[in-house]
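Heads up, the thing below is written out as C-alpha cells.
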C-alpha cells in the first residue's frame, strides 16, 4: 500500500513536470517568433528611415538649387534695371546703404488685396536669401518681441543694398523704436510693402520708385 501511494505521488509529480516543460517549450517558441518579428520590423524601419533620409536630402538639394536659380534671376533683373536707369540715388549722391543695424532687413507684401487691385509681382528685396524669422507664429526672439510675426526677416550684411520689391510711391520713410529706420511703398493705394530695420534710407515720401531700385 505504501508503495502504491508513493508511486501515485511520483506519477503526479512527473505529470506536473511534463506540463511545465510543455508550457516552457511553448513560451520559448513564442519568444523566438517574437524576436524574428521584431528583427523584421527593425529591418523594415531602417529601410524606411533610409528612404526618408534620401528623399529629404534630394528635396534639400532641389530647394537649394531653386534658391540659387531664383537669386540669379533677381540679380539679373537688378543688373538690367541698373543698366537702364543708373540705379538708386539720394540728394547727396549715395547709391547704397546698410541693410540693417542688426544685420537683418524685414520686408513683407501681398501680390493682391481684397479687391484684387494689385496684380503685379514682387522681387526679393535683398541679395541674401537667408531667412532668420518667417511670417506668422514663432517663439519670441527677444524679451517682449511679438510671437505673431507680421514680416519676414532676412539676414544680410550691414551695407548691403535693399531694393524696391515692385513699382510704387514712397508713403513713408522715417524711424520709430519698433521698426528702426523703415520705408513703406504703396503699389496701388491698397497694397504696400514695408522694409524695416534699415541702417538708413535713400528715398523720400512722395518719391516714385521702380522695381529693383535701391531704396536704402
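Being assigned to a helix (DSSP H, G or I), outside the structural domain of residue 163 (by TED's automatic domain parsing) and either at pLDDT 85 or above or over 30 Å from residue 124 (Cα atoms) (or both) holds for only one residue in 24, 63, and it is 24.
In this structure, does residue 134 turn out to be at pLDDT below 90, closer than 29 Å to residue 72 by Cα and under 20 Å from the mean Cα position of the chain (by Cα)? It would help to see each step written out before you state the result.
On the way: at pLDDT below 90: yes; closer than 29 Å to residue 72 by Cα: yes; under 20 Å from the mean Cα position of the chain (by Cα): yes.
Against the criterion (at pLDDT below 90, closer than 29 Å to residue 72 by Cα and under 20 Å from the mean Cα position of the chain (by Cα)), residue 134 qualifies.
Has the range 168-179 got any residue that is under 18 Å from residue 128 (Cβ atoms) and modelled with pLDDT of 90 or more? Taking every residue of the range 168-179 in turn, none turns out to be under 18 Å from residue 128 (Cβ atoms) and modelled with pLDDT of 90 or more. Counting only residues that are in contact (Cβ under 8 Å) with a residue 60 or more places away in the chain and more than 18 Å from residue 157 (Cα to Cα), the range 178-203 holds 9 of them.
The values are calculated or read from the model by the stated rules, or taken from the named source; none is laboratory data. From a predicted model like this one, the values you see are computed outputs, not experimental measurements. Because the Cβ atoms are built from the backbone with ideal geometry, glycine has one as well, and the counts that use them run over all protein chains shown.
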